[in-house]
Each structure stands twice: as C-alpha cells, then as structure tokens.
Amino acid sequence: MKRTHPLWMLLVLTLALALGACSDQAPAAQAQENTIAPYELNQQERDLLSAFGLTEDNALALSFQAPAEAKALFIQVSRLEDGVWENVADSVSGFGMDGPQEDLPDSFAGLLCLEENVDRSLSVHVQSTFGGFANTPQGAAPDLEWTMRSTAFLQETQTIQLDQPIPIALLAYGTGTSMSSLDLQSYFTPEDLAGLDLVQAVTVTFSETL
C-alpha cells in the first residue's frame, strides 16, 4: 500500500492559504519576482513534518514567483540511464492556465513541495495562484540494495528563465564504501555522476505555453 501523508498536503494548503487572497501575504512572497527559492519553515512547521517522518533530508519546500509571461509549470522526474537522463513517467507532469494574459491572475506564484518516499519514489505537490497539483509518485525502486545515499536539494535562490529547466533535487544511491557529495549543476554534466547505482533528478521548467 502506498504511503501517504495527509498532513503533508494539509501543510502545503495551510502555507499557501493566503495565495487566493492577498499576494503580499502569500508564502510565495519569500521568493522575489522571477525566482524560485527555498521556503523557510518555522519551528512549528518543522516539528509537524518531523512527526510524520519528513525532514530536510527527505523533503523540500520551495516558493516561487514566475515571470509575468509564464502560464505553465512543468515538473520532470528523471533517472540516469547509461549516462542520459530518462523521464521515469510516460510524460512530464505539468499544469497551468491558458488564455489571454489579461484573464489570468496578476502573478503565477506559489509553493512547491517534494517528498522522497520509502521506496525511493518522488512525490511533488504544488499550490499556487493558478491552482493546485499533485503528481503520482515516480521513480520507485523498492528492490534497490544500497549502503550509501547522497542528496542535493536547492538551497539558494535561482532566477527563472522561461523554458529552461532548473534542477531542484539530485538523489544518488550506491553500494560502495564512499560517495562524493552531489552538486545540482551535475544535472547538466551527467558524466560526473558515473559509477552510481541509481541517480534521480527533479527539474522544474516555467513556460509561456501550457
């Protein structure tokens, strides 16, 4: 049975509650215009997540404010296969709003949360001014035997460039005795990740088209 965290989704909705009312009160205000940045959880929020086994080691919360032209957000979970990133699902997960710019909300802003599940699958939840989204957990590897694990999550504010993928997470597993620390920029040079038993990446891309 797939593990779920109802309070994890509740936290996402609670943090994003102000999005539908006043943008300067929204959690996305932590991210400046045209950026995606780590969401700074307060102690109460950290304690709540920790009670459900979610820590900074296996979960990530980001806030974003997309460029004015952005109408869609695409989330891709990939696995490194023979030195090439392969999408682990049938298609890239994405959502947004279409139509004339004047009919859209004033800004595309929100909160994005990533969770690594016990079977190594990855779940992504988004709550934004364009609505909400939750993907089916992707990348399950329940039979993987590993002795080492290393992760790299987005820790610094990144400028959003339309139609350019932004890596927000790298997760690697191996069976040796040592493993080098990961760098998110290695997503663009996958040859740097050779020799690992399993490497997964999560990227987000903002676009003008849905």
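The values are calculated or read from the model by the stated rules, or taken from the named source; none is laboratory data. This one's a predicted model, so the numbers in the text were calculated from it and none came from an experiment. Because the Cβ atoms are built from the backbone with ideal geometry, glycine has one as well, and the counts that use them run over all protein chains shown. The protein model used for the area step is the full one, side chains on, heavy atoms only, and it has no ligands, DNA or RNA in it. Shrake-Rupley method; radii C 1.70, N 1.55, O 1.52, S 1.80 Å.
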Rounded to the nearest Å, what's the spacing between the alpha carbon centres of the stretch 187-201 and the stretch 70-87? Just the number, please. 13 Å
Using the charge dipole of the stretch 60-196 (Lys, Arg: +1 at Cβ; Asp, Glu: -1 at Cβ; taken about the Cα centre), state which of ASN135, ALA72, VAL84 has its Cα farthest towards the positive end. ASN135
Surface accessible to a 1.4 Å probe, per residue, for the residues of the stretch 43-194, Å²: 49 Å²
Considering only protein heavy atoms, what is the solvent-accessible area of ASP119 at a probe of 1.4 Å, reported in Å² to the nearest 10? 50 Å²
Rounded to a whole number, what % of the accessible area of the stretch 123-206 do carbon and sulfur atoms account for, probe 1.4 Å? 42 percent
Would you kindly state how much longer the chain becomes between SER181 and SER50 on full extension, computed as 0.36 nm times their sequence separation minus their alpha carbon distance, in nm to one decimal? 44.8 nm
Cα radius of gyration and Dmax for the stretch 61-210 (Å): 16.2, 57
